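*Asks:* Can you keep this structure in mind? I'll have questions shortly.
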Amino acid sequence: MKVLKTLTFIGILILSLYSFTSVFQDGWNIPEKYVNMENPTNPDEDLAIGKALYSKHCKSCHGKEGYGDGPKAAEMDGDLGDFSSEEFQEQTDGVLFYKTSFGKDDMPEYTKKIPEDEDRWLIVNYMRTLAE
């Protein structure tokens, strides 16, 4: 009986610690192939295109500076993130590409609105310029 109580306590402790990790709280289930995916575009080229696409498709929710304070932000349930934050900028390009492409909850899927992969990569490049 004592062993069962100990194992139950350890299990609850591990689950509690795991639930406070950013991966669990973030709620994104990013396939491994995207986590390690390399950006095929040159981040120093075509930033104007990335900025224009961001302004058209992202700014209304994420805001001009990427703080998550766009005009539509108040209508959203989840955390829109702060693209200037260190936590955001630490994500790989592949993770940002996945999130931009496939969305989740309030974040829409953009594979139909922005069908070219290269354009979504250019948005990722532009989001990198929003770092503080």
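*Asks:* Enter the Cα centre distance for the pair segment 33-55 and segment 87-127, rounded to the nearest angstrom.
*Replies:* Centre-to-centre (Cα) distance: 9 Å.
*Asks:* Longer than 23 Å from Cα to Cα, which of LYS33/LYS64; LYS33/LYS56; LYS64/LYS104; LYS33/LYS59 are they? Say none if no pair is.
*Replies:* Check vs 23 Å cut-off fails for LYS33/LYS64; LYS33/LYS56; LYS33/LYS59.
*Asks:* For segment 64-117, run through the trypsin sites (Lys or Arg not before Pro) and keep only the ones in DSSP coil with at most 10 other Cβ atoms within 10 Å of their Cβ.
*Replies:* LYS112
*Asks:* To the nearest 0.05, what FRET efficiency results for GLU65 and ASP117 with a Förster distance of 30 Å applied to their C-beta separation?
*Replies:* Here the calculated transfer efficiency is 0.70.
*Asks:* At what distance in nm do the modelled label points of LYS72 and ILE49 sit from each other, each positioned 7 Å from its Cα along Cα→Cβ?
*Replies:* A separation of 2.3 nm, rounded to one decimal place.
*Asks:* Give a residue-ordered list of calculated ³J(HN,Hα) values for segment 51-65 (Karplus: 6.51 cos²θ - 1.76 cosθ + 1.60, θ = phi - 60°; whole Hz; x for Gly, Pro).
*Replies:* Values per residue, Gly and Pro as x: 5, 5, 5, 4, 4, 6, 10, 10, 4, 4, 9, 8, x, 4, 9 Hz.
Readers should treat all values here as calculations from the given coordinates under stated rules, not as data from a laboratory. All values derive from a computational prediction rather than experimental measurement. All Cβ positions, glycine included, derive from the backbone under ideal geometry; neighbour counts span all protein chains shown.
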